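Here is the structure we will look at.
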Amino acid sequence: DYLLTLLHHAPKAVAYRALVKESQGYEATIVEARDMARWRIHELRHVIEADPRQPQYILTVRGIGYRLAI
């Protein structure tokens with residue numbers, strides 16, 4: 001669901017709270033949303049990135065959220 005949300009908004013950044021809300025239907029505080037999104041993005045990167053430590057597709061937008069580079 002996170003990948004679909006990122007794809008829907010690509011190439012724009014998706015804020016942590018919006019990412020959690022659209023992907024999981026869960027209203028969260030910014031801290032909760034950031035922590036939830038980090039774990040899901042971590043898992044996604046291990047599946048789709050050649051080197052998850054240097055992502056090329058799912059990029060972090062510091063202080064905002066994530067974006068899908070397509």
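Across the chain, the mean sequence separation of Cα contacts (distance under 8 Å, 6 or more residues apart), normalised by length, yields a relative contact order of 40 percent. Loop exposure criterion: trypsin sites (Lys or Arg not before Pro), DSSP state outside H, G, I, E and B, at most 15 other Cβ atoms within 10 Å. Applied to the chain, the longest stretch between such sites is 13-52. For GluC sites (Glu not before Pro), the sites in the stretch 27-59 that DSSP calls loop and that have at most 10 other Cβ atoms within 10 Å are Glu27.
Per the 1.4 Å probe, what fraction of the accessible area of the chain, in percent, lies on carbon and sulfur atoms? Present the calculation step by step, with values, prior to reporting the outcome.
On the way: 2540 of 4710 Å².
Answer for the chain: carbon and sulfur cover 54 percent of the accessible area.
Karplus-based coupling profile of the stretch 55-70, in residue order and whole Hz: x, 10, 10, 9, 9, 7, 10, 3, x, 10, x, 9, 9, 9, 8, 10, with θ = phi - 60° in 6.51 cos²θ - 1.76 cosθ + 1.60 and x standing for Gly or Pro. Computed with a 1.4 Å probe over protein heavy atoms only, the accessible surface of the chain comes to 67 Å² per residue. Between the amide H of Val61 and those of Tyr66, Arg67, distances stay under 5 Å, these residues lying 5 or more places away or on another chain, with hydrogens modeled in the peptide plane.
The values are calculated or read from the model by the stated rules, or taken from the named source; none is laboratory data. Worth saying up front: this structure is predicted, and the values here are computed from it rather than measured. Here Cβ is always computed from backbone atoms with ideal geometry, including for glycine, and neighbour counts include all displayed protein chains. Calculation scope for accessible area: heavy atoms of the full protein, side chains included, ligands and nucleic acids excluded. Shrake-Rupley method; radii C 1.70, N 1.55, O 1.52, S 1.80 Å.
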